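Enquirer: The structure is given below, and queries will be raised subsequently.
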């Protein structure tokens, strides 16, 4: 089994692309969803997050995402410290999950594989990209965030030019039919590689 990392900047359409791979029967691990689950369920993680960000990090025993986003996306040092707490837990959870899958390859969907250095842990990397105006449009429609909040989150990520040379496959996600075709081609290439 090979491990494939699927990444791309906020609003690039990683989750849409992951959905197309899932339709082809590929097991998908969504790092953001799992991180939120772990941050709510793991006593050790909760404790470490409260130590870092204070008791407001949780509200009614649940992760206070709005408070955390406000704190960390305007403070790179704090964001790095939070990532240092959460990413090892997610990495371990992914490995446990991957061992239970019965597939030639699995995909881990994660926003910041390059930024946190974990891209070296994958056999192949897929980068999803789209022009900035399209990404902004998608995020505004999806998140109900202010332009300032979106820009802060974008600035916390590498730009595509920096990610391209480190990627094995690049999906230009503008037209969904074309995106689907690109996914199918990569799927065939990966299966060929494995056999």
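Enquirer: Below 8 Å, C-alpha to C-alpha, sequence gap of six or more: please give me the relative contact order for the chain in percent.
Expert: Taking the mean separation of contacting Cα pairs over the length of the chain, I get 38 percent.
Enquirer: Continuing with the same structure: Taking springs between alpha-carbon atoms closer than 10 angstrom, which of 159, 93, 44 fluctuates most in the Gaussian network model of the chain?
Expert: Among 159, 93, 44, the largest GNM mean-square fluctuation belongs to 44.
Enquirer: Is the chain rounded, prolate or oblate when judged by the Cα gyration tensor, a ≥ b ≥ c being the square roots of its eigenvalues, rounded requiring a/c under 1.5 and prolate requiring a/b larger than b/c?
Expert: In terms of gyration-tensor shape, oblate.
Enquirer: Could I ask something else about it? Considering the chain as a Gaussian network with a 10 Å cut-off on Cα pairs, which listed residue, 127, 176, 99, attains the greatest mean-square fluctuation?
Expert: Maximum fluctuation in the GNM of the chain, among the listed residues, is at 99.
Enquirer: Any idea how far the Cα center of the stretch 141-186 sits from the one of the stretch 1-64, in Å?
Expert: Their Cα centres are 17 Å away from one another.
Enquirer: Still on this structure, please answer the following. Order of 140-147, 187-194 by packing, highest average Cβ count within 10 Å first?
Expert: The most tightly packed comes first, giving 187-194, 140-147.
Enquirer: Would you mind telling me the antiparallel percentage of the DSSP bridges in the chain, rounded to 5?
Expert: 10 percent
Enquirer: If you don't mind, another one. Quick one: compute the contact order of the stretch 116-193, relative version, from alpha carbon pairs under 8 angstrom and 6+ residues apart, as a percent.
Expert: Relative contact order of the stretch 116-193: 41 percent.
No lab work stands behind these numbers, since they all come straight from the coordinates. What you are looking at is a predicted structure, and each value in this text was computed from that prediction instead of being measured. Note that we place each Cβ from the backbone using ideal geometry, even for glycine, and neighbour counts take in every protein chain shown.
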